[in-house]
Structures are given as structure tokens and as C-alpha cells.
2 protein chains.
Amino acid sequence: MTVLIVIPAVISVLALVSAFLFNRSVVAKARGTDRMKEVQGYIRSGAFTFMLEEARVMGITVLIIGAILWVLFYWEIAVAFLIGSILSMAAGFIGMNAATHANARTTHAARTSFKDALSVAFSGGSVMGLSVAGLALAGLVIVAVVFRKWYDPASLHIETRYLFGVKSLGVNFIRGALIVSAYSMGASLVALFDRVGGGIYTKAADMAADMVGKVEMHIPEDDPRNPATIADNVGDNVGDVGGLGADLLESFIGAIISVIVMALYIFVGRGNESIQGLIRQLGLTAGLNETTYWWVFIAPLMIVAGGLFSSLLAMLYIRFSKRQEGMQQVLMNATRLSAVITALTTFLFCWLSPLGWNILGEVILGLAAGIAIGFFSEYFTSTSYKPTRELARMDQDGPAVGVTEGMALGMISTFLPVVTIAAATVISYELGGLLGVAFTAMGMLSFVGMTVAVDTYGPIADNAGGIATMAELPPEVRERTDKLDSIGNTTAAIGKGFAIGSAAFAALGLIAAFMWSAIGTADKVVQPQLPIVGQIAAQFSPSGSPIMVGAYVIAGLMLGAMVPYVFSALLIRGVSRTSAILVEEIRRQFKENPKIMSGEAIADHKRCISITAHGGLHKMFLPAVIAVLTPIVFGLIFGRYALGGFLVGALLSAIQLAIFCGNSGGAMDNAKKYIEEGHFGGKNSEAHAAGVIGDTVGDPLKDTVGPSLDILIKLMSVIALVFASLFPIFPVFM
Amino acid sequence: MTVLIVIPAVISVLALVSAFLFNRSVVAKARGTDRMKEVQGYIRSGAFTFMLEEARVMGITVLIIGAILWVLFYWEIAVAFLIGSILSMAAGFIGMNAATHANARTTHAARTSFKDALSVAFSGGSVMGLSVAGLALAGLVIVAVVFRKWYDPASLHIETRYLFGVKSLGVNFIRGALIVSAYSMGASLVALFDRVGGGIYTKAADMAADMVGKVEMHIPEDDPRNPATIADNVGDNVGDVGGLGADLLESFIGAIISVIVMALYIFVGRGNESIQGLIRQLGLTAGLNETTYWWVFIAPLMIVAGGLFSSLLAMLYIRFSKRQEGMQQVLMNATRLSAVITALTTFLFCWLSPLGWNILGEVILGLAAGIAIGFFSEYFTSTSYKPTRELARMDQDGPAVGVTEGMALGMISTFLPVVTIAAATVISYELGGLLGVAFTAMGMLSFVGMTVAVDTYGPIADNAGGIATMAELPPEVRERTDKLDSIGNTTAAIGKGFAIGSAAFAALGLIAAFMWSAIGTADKVVQPQLPIVGQIAAQFSPSGSPIMVGAYVIAGLMLGAMVPYVFSALLIRGVSRTSAILVEEIRRQFKENPKIMSGEAIADHKRCISITAHGGLHKMFLPAVIAVLTPIVFGLIFGRYALGGFLVGALLSAIQLAIFCGNSGGAMDNAKKYIEEGHFGGKNSEAHAAGVIGDTVGDPLKDTVGPSLDILIKLMSVIALVFASLFPIFPVFM
């Protein structure tokens, strides 16, 4: 094992220590009045109750899958899987813990100073950002060091294991590749649960609170009389904080391990003449031998360590910035700063390594593509630009036109991001083949620490506003927290673009790794490989039979493209059904106890929290089962080529749907806000009523469906990667 | 040329003569009161004005493209293209002519007898059904006979033409294949204009009429005081009649010509050893030689002639049925009858031919899959089943929940149809390779005459109801026409399923034909071909460069999958923007002339008609340009392999979106109707208000976007097929 691994190890420890310090600095602040403490206590305990219950469900699932991995493969695989899932859960918990500490403290700070409030909120976000990136990197270092034997180039080989001693049930794999894949799979599985469960929770509570509170009872957002107010605020933490953290941790790991898996398979096959052509195409100046192998292996760890280090610098810049005004500029500067420093550290790595400069190009391409996609999201969803303003104008023609236009906006907004992703795919492929695509994905995610920090800062500020209203603080406090919230929006839009763009790239990397390993091990030698779709049907025998597999690939593409639709439908229904039950409960409370409305009695918040939690946990199961089982069942029946088609189909469909849902929902939300600012009649106008309906339609699309789709495609791909060796090459009945 | 061609020739003439007789029987009926004649006159002239204006736009476009085809290839190609487009326009005109004759006559018949009304309406539909299938078949026979030289097996070969005499700009093709492809392209292009232009027209008028009439002025549907009422009724004719006819004509031709094109390329390549393996796989008992070639060539013409004959029998069965009650049963029986007779005539063909029985299996598979997909559409959108009733129940929670649920319903409804399409793809492939897939598409469409007749019958009944209300006839007349409308719904739902299923299959057939010809002619010999996706990246050279094309295929898949979204967005916007202008106009008329509301003055219908027509013509242009130019530009820059990816991506995306849009819209429409029947509070309840909003959102999805997507994928595929030989093999800059 190369000594360079010390660098990512040190940086991950540094990040985790910094996270601890940031957390301590937050906890040291005062929490304000008793009422604030009380509200914060409710939110914290509600969030923890849900996350613990969710962890129980996940824990059981993880143990069962871990046991299956042990039986099928080796204990190392199961252990790596467990490490991945535990770290992912930990990331969610640490972030949520910090966020629920920071919320009331942000409110309290906002009573005296805007700048202090921002500092507390951003410190809370930083804890999450540093934990996500630090834990992911630390976990990878641990896996690499503990299982170093399986990465040693001298002993790297494709091994065969006969299941239950039956010779016809042999599976072929490179153990080191399987270990990192299982690690990634653990993180993905937990992320899906977190995103789907948390996403359903947060939107069901939000919808129900708005529907009864705003529409029926005409009381404002976060009014303490509304029994669902606390549940709504809990939702911000479990969905937007916990779910987001696990999500980006998973993307980050997926992007890194697809580089490692491909490197292992290319190295093992390097003796093959055709593979040598491929190696030249990777753009590695020194080719691939036992020395450069280590450089390729360590490259992703070094580059993301650089990204993590830059994120830390950017956070410190924000934390200790002396500026009182123009904090939005500070946030943007910090984001740019971390991107630039990441590029510089990558430059340093490429300069020191014998691998040449193509990797630098790929990483910079990833950073640039991510920022571009982020800007496009902002363009389509921000009230500063034409599309959302135009949508607000159309809201004047009523809710039907508003919703229809919102959908059209989301559909048309797929154009620029997809062109960017396609162009980046082609360019990175020219720079370094499929490995180049994986490096680009990794580049996009390398400064994930900063992205997560900014994205988490938003819900903390949101919660702080909720506490201000619930604790009946003077209106200027709420105004300050609202301003806090709004200045994070631009950077948060960029973060969303990153999430979608990187999901597409990471999934492409994982599918590529799947095809390498699935077809590569088929004949116990690594065969010359075709690029992805080529690989899917590269088999060709003029004599007859195998050509038939082509129809199965087409069937796989179609079925794969269908899965994201069914998955999305289940999520939407999860939200609306849970919300419907909650609406009944809120109405019942207002009806049975009129003193709640007059403020003489306290609403039963706990019951609302428990109903929402039950809904979230209950409705997250079927979508998760679909994500886990469809690739396995499909692969077992139809074989590896057809499964390749299935994954590509799912990827294509999910990219479009995720962009459509994210931007439709975002624009409808902001169009409503734009109207509330006084345009087209302002609050209580007809346009506003239409805007509120559009917002409610768009909310589950942007906060539940979109982000979950990002995970779905990566989880399905990594599951295919782990179980690849179990699947037949061709359909079983052929 | 085989003498058997006399059979399809005779049957197409028989169909056209029957259409003429049906039309005469309709025109012979009385039109009722003066007011009815007046209203019918407005509708007829409005529809003709729009269709003629549309024909002018199409005519210019068609002439330009025809000239380009002549310059690039030969005059035969341009002539075939013109024949295809003229026949497609003719089908639209004949159907619309019959429908606008039949509407008032149906109303008049409904004044005395329900049975007579049905007979008139269905005769009107039959004119359209027989014209569509008869013209398509006649056109194919003409093309085959006039250009018979280019189908003669003795002289069949791949030829090269040097463009402008420049040797490096050579194009390779089989001229006979290009002729039928151009014929199909002409039909597709006109169909797209008809569907998009008519679709925008009909929904813009519908939305605007409802928004001002029902919502603001509280006057009923089709009230003569509403200035947009006539435009709304014109829309039913230009969208649902004209658009539908051109659409199915185009599917029908596409499915037939993909069989012929593939047969030509396989035959030319039969000397190649690898192709012989493929020929065995086609399941043709006698293999492929100069005799069986003619049988394969004639097979699609014979089978659809059988389907057309069965449709005619089924129509006569309905026309002369003596039953007074249970007409829904009669319609269903007739549909089943025509399917069974089509299977029987195919059986007869297979029995007489030396080709074996696999073709029979493929045709029956097509019929069965079409009926199954139709049933699934019905299940998800009919008020007789749970999903739509459940949606109506959710409408009680307000418009946001209703729309969200409607979207979820549409998304989840993709499951069964896509599984059916995937399974049918695999089975037909096993039966006869890609040629088997094309035969299955053709089987699904073979009794298109009957499908079109039933689908056209609906808008005629709808129009008849409009005339009854506008001419202020007694309410029982309207009740009878409403009943007429509703009994066609079940069969119409099956028709919609056929449209989507057959579009997917026909596009698959066309893409397959594209890959055969694009890669086949690349080296001036037909190479052994891989199935579709395999073909896309079948090139493989261990030495380096060509492998890069893989990334372009992926980029093509992504960009292709994006096109249907952007296309759909433009259509939705076309509807909402046109509708918004119309809303202003209606409001203006009511405001400036209060006598319109009191019935003392007549509204200015003509202005509304001209605004809607202008919107439809204006907004149809950009989507059409996208459909025509994207495959050409993409192919010219990125080459044939990448274009294959682009087409597959578009197909995958369009199938899901079309099913989603169709079923979401259908269910939201029917949920509203279910509430109007008195469920969940009935008319004027909150659930009803939500249902109306859902219906308005769903209308453009189901009647404009869904059907246009069906054409989009076929048009793009057939354009690729025609221009294939112009494109480079690999990206130009590689």
C-alpha cells in the first residue's frame, strides 16, 4: 500500500475534528427564552424519534443483506457493506444533531445580530458538510488499509467461488473491487431510506399544515396553534438535513469507487493485447504498470482530500469573515474559492504523479459542468430570471394554467442540463475513456463538503424562522431569519444542480464499472471491452443464438426507463396519503377542542408527529424494495447484457424526470413567493391562490421525488455491480 | 412483380368505394332546423378554413423537402414522398368532411331515434376509417407497381450516388427501400402537422371556452352565448378527427414499410455467410430466395388487406345490426370480430405461402398486445374501475392533491403497458428477429380501419351534442347524444392503447430498418448485423479510435431522451398561450357587448375561430422543426451510430411520457365526470371544483401531447431512415 494514503487519512481526521469543533462552538451558544427551548426540544425529540425508528428499520434490512453477502461471498464483503451503511447513518445523525442544536441558537442570535445568526446557522451546516465528506473519506481509507491485501497489484486476480460447493453455481470477481462496491452499496441503501422516508415525512407534514392552517383556518405559517407546525419543522431536519447528507455522502462514495473498480479490472487485464489499446486511451502518460497502478488507485482519494481541504478553508473564510453586509457575496465567493482550490490541489497531484495531465482536465470539467448545471437550475427556478416571473404572470389565469405552465417549464428546462451532461460525457471520454467519465463525476463531487454545508444552512435558517414564530418573538427576528434563508438560495440552487449532474455521472461510472466486471469476468479473463452500450450487446456470433440477447437489451431499456416513473408515483402517493391522514387529525383537533384556535389550549403536536413518522416509515418500504430487488431479479432472469440495458434505461429516464421534477417544483414555489412579494396582485389575489396550489403540487416533486431519483439510479447500479457475478450472461431460458 | 398484388389493390378500391357509399348515405340524411344548419355551417367552414390554411403551410414545407430529396437522390424518391404527404392530407380532409356532414345529421336523427343517430354517427366514422386504411394501402400498391423495377430481386442492389459530382460526398442506398421510406416520411410529416396544429387548436379553444364560460360566467358547455363555442366544436373536428386520421395512417404505413425495407436489405445481403444465420432466425420455413422474397415483400400488403376487409365486414355488421339496445356490446363485438377475421385471413395467407407459421404468431401477438394495452388504458382511466374512482375521492382534498394524484396515477400506469411492450418485443424477436418485431407492429395496426371508425365516431357524437345545445333543441336530444358519446368510450380507450403500443413497435421497426440500412451500406456490402443497440456500437477496433464512438452513443441516448420533454413543453405552451389570448377576446366580447349574455346579440364566433387557428398554425411550427431537423443535424455531426442512440433514447422517453400523459389526462377528465354523476358531493361541490382544475391540466396532456409524441418518434426515425446514407459513420470531428 502506498504511503500517500496518509494524506487522505490525515485530512479526513482534520475534517472530523473541525466538525467536532464547529459543533462545540454551536452548542456553546445560548438557546434563548424558555418557550424557544421548549419548541427546540420538541423538534429535536421529534427528529430523533423518527431517525431512530428509521434506523431500526434500516438496521434490520442492512443486517439481512449483510448476511446474504456473507453467505454468497466472503466476510470482508459483508463488513465493508456494514461500514458503508453505518457511516451513512452516522452522517445523517451527526448533521441532524447539529442542525437541531443550531436552529434555536440561530433564532436567539437573530434577536441581536444578523451576522451572528448567519454564523451560527452556517456553523451548523458546516458540521454536516465536514462530517459527510470526512466520514466518507475516512471509511474509504479504512477499507483500503484494512483490506490492503486485496488491492496489492502482485496478488490482484479474478477469483472464482462455488456457491454451496456446487460447481455450476460459480461466481467470478476481483475481491478488492467487490469490497469497495459493497461499501458503496451500504451507503446508497441507507441514503435511499433516508431520502425517501425523510422526503415523505417532510412534505406530508408541510402539505397538511398548509392545507388546514393556511387554506382552511387562515392562520400563518408556523403558527403555534397549528397542531402540525412542529411536525413540519421536524420534517425540515429529517428530510432536508438528514436525507441530504446521506444522499451526497452516497454520491461522493459512488463516484470514487467507480474509479477504483475500473482501475482494478483494467490492471488485471493489462496483459491482453486489446486492453492495451484501451489503456492508451485513458490518457495516462506513463501507461499502467505496477507503480502507476498505485497512483491511479490513490488518485481519487488524493483529489477528494484536496476538495475536502478546500471546503474547510472556505468554511473558515465564511466563519471568520468580518463583513457585515453582502453575505450572499461571501457565500458565493467561498463556493468559488473551494472550487478553485480543489483545482489547484488536483494540479499539484497531477504534477507530482507520473499519470499526466488528463486527470486534471477531467476534474476541472466536472467542476465546470456542475457549476453550469447549477446555474441552469437557478435560471429556471429563481425569481430573478424570466421563466419563474413568467410563470407567476400565468398564475393570474388560474391554478390549472399555473400548474400546466409549471410542468412545461420543468420539461423545457431539461434541455441545457442534458446538453451539458452529454457534452461533458463526450469530452471526458475523449480525455480518458470510461475512467475519464468516472474522474469527471468525482471532480464534480470533490468539494461536496462545501455544497452540503450551504445546503444544510438553508433548513437551519428555515427552522430558526419557525421557532421565532412559534415562540412569538418580535417580527424583526423572523425578518432576519427569512433574510438568512433567502441569501442561501442561490448557492443552494447550485447545490441542487450538482446533485443531479453528479448523480448522472456517478451512475454512468457505476454502470461502466458493472459492464467491465460483469462481462470481464464472464470468461475468467478480462475481455476487450466496448464502451457501455457497446458492451451490452458486444457478443456476436454469426452462428445464431447469442444474437437474440439484443431483444432482451431493448426490453431491458424499456423496463428500466419505466422504473423511475413507478417509483416516483409511489413517492407522490406516499406523501399525499400520509398528508390526507394528517389533515383529518388536524381538523379533528381544531373541531374537538375550539380552545386551540383561541390560544387557550395547546394542540397535540405529538400525535401529528407520530402520524407523519408512521406514514414516512410505512411508505418508504415499497420504493426501497423496488430499488433493491428489480436489478437483482431482472439480472437473475435475463442476464448481464439485458441488465446493462435496464440500468441505462433507468438512468436516461431518471435524469429527465429528476430535472423536470426539481425545476417544476422549484419554479412553482418561487413563483408563489414572487407573487407574495406584491407582484400580480400580491397576497390574497387570485394569482396567489393559483400560486399556492402550484406550490403544493410542486413540493413533493422537488423535495421528495427529484432527490430520491438521484439515489435510485446509483443504488440500482451499485447493486448490479455487487451482484453481477451471480447473474447468468444470457437470459436463463435461452 | 407478383400477381398477388391484385388482392390488396382490389381491397383498397373496395374500401374506398365503401367509404364513398357510406359518405353518400350520410349526406342523404336531413340536417334538421335552420338553426342547426346554421351552426353546422359555421363548424364546417371553420374547420375547412383551418385545414386549408394548415394545408398551405404543409404544402410549402412538403414542396421544399421534396425538392431537397430530388436534388440529393432521384426524382422517384421525391415523388414517393409527395404521394405519401398528399394521401395523408387527403385522409384528414375526407374524414373531416364526413364528420362535419355527420354531426348535424346525427343531432337531427337523435330527435327521433337513438338507433338512427348511432347509425349516422358511426357511418361518418366509417368513412374516415375506410379512407385512412384504403388510401394508405392504395398508395403503397401504387408505389410498388409504379416503381416495380426497384423491387425486382434480379436487379436489387446497393447503389452509390455522388452528390454534385463530388466523389467524397457519395451516398449508398437501395433505391426501392428509399422510395417506400420517403413515402412513409411524407405521411408522417403531414400527420405531425395535423396532430400538433389540430391538438393545439382543439385544446386552446376548449380551455378558453371553459375558463370564461363555465368558471367566470357560469354558463353551461356549448352555450351559444359563449363566443368560443363554435371554435371548441371546430376543434373536435380538426384535432380529434383530422389529426387522428393522419396519425393512424402514418403508423399504419410506417409499420408496413419497415418490413419491406428490412426484407430488401436482408435479401441483398443473403450471399454473406453471417446474414444466413440471421435469415434462419427469421423463422421463414423456406429461407430467403428469389421466390420467397416476393412472398415476404407481399406479406404485409396481404395481411393489412385482410385487416381492412375485416374492418369493412365489422362496419357493415354495426350498420345493419337490428338491435335496439346494448349498442356498446355491438361495438365491442364488432371490434373483436374484426380482430378475429384479421387473424383468420393471416392464417389463410400463411397457409398458402411457403414462409411458415411464425408470421401468423407475430400478427396474433400484435393483435393481442394491442388489445391488452388498450384494456390497461381503460382500467386506469375509466370510472368503472378503482384508480379513477380513487382519484375522484382524492379530489375532495382540493385541486393540488387532485392534480398530484392524477400525475401519480399516470406514472404508475406505465407499468403494465411497458411490460406488455417489452414482452411482445422479446417474443416477436424470438419468433422472427427484427423482422418479427416489424410484423408484430403491423399486426397491431392491421385492422386500423375499425379503430379509426370507432375513434372518429366519438367526436361526431360530441359535436352532435354541441349542435343540440347551440340550436336549443329539447334536452332529451342532448341526453341521447351524450349516451351516444359514452358508449363509444370503452372502444375508444382500446383505440388509444393501440395508438401508443403500435407507435412504440412501429418506431422500433423503423429504427431497426435504419440500423440495417445505415450500417449495411456503410462499406457498400451488407455486413452481418447486430440487433439494434448492438448495431449502434458494433464497431470495435482494438487499435483505438472507433471505440470512442461509444461515448457519442451515450450522449445520443441522453439527448434523444430529452427531445420528447422539450417537444411536449412547447406543445403545452402552445395550448396555454393560445388559450390565454382567446380568453382575453372572450372576456372583451362579454364586456363590450352585454347583450351577448342576455341573448339579444350574437357573439362574434368568427374572431374566436380565427384567433385559435392563428395560434394553432403559429405554434405548430417550432415543434415540427424540432422533429424534422434534430435527427438530421445530429446525424450529420455525430454520425450514424450516435444517431441510433439518439433515436432509441427518444423512443424510450416518448413511450413513458405518452402513456403518462394519456392516462393522467384521461383519468382526471373522467374523475371529474364521475363527480358530476353525483359522487363525493356532485356538481358545484369542492371536489368538483378540484376535478375541473384537474381536467383542465390533463386536457392538453391527453389530447395534444400524448398523441403528438406517438408521431414524433416515428417521424424522427423515418427521417433518419431516409437521410441515413448522407450521414458519416462516425462523428465528423473524429
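The values are calculated or read from the model by the stated rules, or taken from the named source; none is laboratory data. The structure displayed is predicted, hence computed values, not measured ones. Don't worry about glycine lacking a Cβ; one is built from the backbone with ideal geometry, like all the others, and counts go over all protein chains shown.
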Name every residue in the range A:24-38 that is surrounded by fewer than 18 Cβ atoms within 10 Å (Cβ to Cβ) and of a type in the set (A, V, I, L, M, F, W, C), in order of residue number. A:Val27, A:Ala28, A:Ala30
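Please pick out the residue among A:Thr451, A:Thr469 that is touching a Phe, Trp or Tyr at 6+ places or on another chain (Cβ under 8 Å) and polar (S, T, N, Q). Explain how you work it out, then say what you get.
Working: A:Thr469 fails: touching a Phe, Trp or Tyr at 6+ places or on another chain (Cβ under 8 Å).
That would be A:Thr451, the only listed residue that is touching a Phe, Trp or Tyr at 6+ places or on another chain (Cβ under 8 Å) and polar (S, T, N, Q).
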Out of all the residues in the range A:39-80, which are more than 26 Å from the chain's Cα centre (by Cα), closer than 26 Å to A:Asn237 by Cα, surrounded by fewer than 22 Cβ atoms within 10 Å (Cβ to Cβ) and touching a residue at least 60 places away in the same chain (Cβ under 8 Å)? A:Tyr42
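Checking the structure you have, find out if any residue of the range B:356-378 is acidic (Asp, Glu), free of Cβ contacts under 8 Å to residues at least 60 places away in the same chain and away from every other protein chain (no Cβ under 14 Å). Can you show your working first?
Quick first cut of the range B:356-378, residues acidic (Asp, Glu) only: B:362, B:378.
Remaining after also requiring free of Cβ contacts under 8 Å to residues at least 60 places away in the same chain: none.
No, the range B:356-378 contains no residue that is acidic (Asp, Glu), free of Cβ contacts under 8 Å to residues at least 60 places away in the same chain and away from every other protein chain (no Cβ under 14 Å).
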Of the conditions (1) in a helix (DSSP H, G or I); (2) modelled with pLDDT under 90, A:Ala522 clears all except one; give me its number. (1)
Of (1) modelled with pLDDT of 90 or more; (2) under 23 Å from B:Ile511 (Cβ atoms), B:Tyr201 satisfies all except one. Which? (2)
Looking at the range B:575-592, I want the residues that are within 14 Å of chain A (Cβ to nearest Cβ) and have a partner that is surrounded by fewer than 19 Cβ atoms within 10 Å (Cβ to Cβ) and part of a helix (DSSP H, G or I) with Cβ atoms under 7 Å, at least 6 apart or on another chain. Which pairs are those? B:Glu585/B:Arg607
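Look at A:Glu476 and say whether it is more than 10 Å from every other protein chain (Cβ to nearest Cβ), surrounded by fewer than 24 Cβ atoms within 10 Å (Cβ to Cβ) and in a helix (DSSP H, G or I). First the steps, then the outcome.
Working: more than 10 Å from every other protein chain (Cβ to nearest Cβ): yes; surrounded by fewer than 24 Cβ atoms within 10 Å (Cβ to Cβ): yes; in a helix (DSSP H, G or I): yes.
Answer is yes for this residue.
Are any of the residues in the range B:594-609 over 20 Å from B:Ala642 (Cβ atoms), assigned to a helix (DSSP H, G or I), among the hydrophobic types (A, V, I, L, M, F, W, C) and at pLDDT 95 or above? If you could, list the steps in order and put the result at the bottom.
Taking the range B:594-609 first, the residues over 20 Å from B:Ala642 (Cβ atoms) are B:594-609.
Now restrict to residues that are assigned to a helix (DSSP H, G or I): B:595-598, B:605-609.
Now restrict to residues that are among the hydrophobic types (A, V, I, L, M, F, W, C): B:596-597, B:608-609.
Add one more test, that the residue is at pLDDT 95 or above, and what stays is none.
The answer is no, given that none of the residues of the range B:594-609 is over 20 Å from B:Ala642 (Cβ atoms), assigned to a helix (DSSP H, G or I), among the hydrophobic types (A, V, I, L, M, F, W, C) and at pLDDT 95 or above.
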Of all residues being of a type in the set (Gly, Ala, Ser) and within 14 Å of chain B (Cβ to nearest Cβ) in the range A:618-656, which is surrounded by the fewest Cβ atoms within 10 Å (Cβ to Cβ)? Just the residue, please. A:Gly639
Going through (1) at pLDDT below 90; (2) under 27 Å from the mean Cα position of the chain (by Cα); (3) over 27 Å from B:Ile719 (Cα atoms) one by one, B:Gly95 fails only at (3)
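Quick test for you: out of A:Gly550, A:Gly560, pick the one residue that is facing another protein chain (nearest Cβ under 10 Å), at pLDDT below 75 and assigned to a helix (DSSP H, G or I). Show your work before the answer.
On the way: A:Gly560 fails: at pLDDT below 75.
The unique qualifying residue is A:Gly550.
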Filtering the range B:257-276 down to residues that are touching a Ser or Thr at 6+ places or on another chain (Cβ under 8 Å) and at pLDDT 85 or above yields B:Ile257, B:Val261
Looking at (1) out of contact with any Phe, Trp or Tyr (no Cβ under 9 Å at 6 or more places or on another chain); (2) of a type in the set (A, V, I, L, M, F, W, C); (3) more than 27 Å from A:Leu264 (Cα to Cα), find the lone condition where A:Ala314 falls short. (1)
As an exercise: evaluate A:Val212 against (1) within 14 Å of chain B (Cβ to nearest Cβ); (2) closer than 22 Å to A:Ala461 by Cα; (3) at pLDDT below 90 and give the number of the one condition it does not meet. (2)
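Got at least one residue in the range B:444-464 being among the charged types (D, E, K, R) and more than 7 Å from chain A (Cβ to nearest Cβ)?
Yes, the range B:444-464 contains a residue that is among the charged types (D, E, K, R) and more than 7 Å from chain A (Cβ to nearest Cβ).
Of all the helices (runs of 4 or more DSSP H) wholly in the range B:616-734, which have at least 3 residues that are farther than 23 Å from B:Gly243 by Cβ and touching a Lys or Arg at 6+ places or on another chain (Cβ under 8 Å)? Spell out how you get there, then give the answer.
Numbers: elements: B:621-676, B:686-700, B:706-723.
Per the criteria, B:621-676, B:686-700.
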Filter the range A:96-125 down to the residues that are touching a Gly at 6+ places or on another chain (Cβ under 9 Å) and either acidic (Asp, Glu) or not in a helix (DSSP H, G or I) (or both) and list them by number. none
Filter the range B:88-124 for residues that are of a type in the set (A, V, I, L, M, F, W, C), crowded, with 24+ Cβ neighbours inside 10 Å and touching a Lys or Arg at 6+ places or on another chain (Cβ under 8 Å); which is nearest to B:Ile5 (Cα to Cα)? B:Phe122
Of (1) within 22 Å of B:Ile693 (Cα to Cα); (2) small (Gly, Ala, Ser); (3) within 14 Å of chain A (Cβ to nearest Cβ); (4) surrounded by fewer than 21 Cβ atoms within 10 Å (Cβ to Cβ), B:Gly406 fails just (4)
Selection count where residues are assigned to a helix (DSSP H, G or I) and on the phi > 0 side of the Ramachandran plot, scope the range A:1-59: 0
So A:Val127 clears everything in (1) surrounded by fewer than 24 Cβ atoms within 10 Å (Cβ to Cβ); (2) within 19 Å of the chain's Cα centre (by Cα) except one condition, right? Which one? (1)
Among the residues of the range B:409-437, which ones are facing chain A (nearest Cβ under 8 Å), without any contact (Cβ under 8 Å) to a residue 60 or more places away in the chain and under 30 Å from B:Ser382 (Cβ atoms)? B:Ile412, B:Phe415, B:Val419, B:Ala422, B:Ala423, B:Val426
As an exercise: evaluate B:Phe48 against (1) within 30 Å of B:Asp222 (Cα to Cα); (2) of a type in the set (A, V, I, L, M, F, W, C); (3) at pLDDT 95 or above and give the number of the one condition it does not meet. (3)
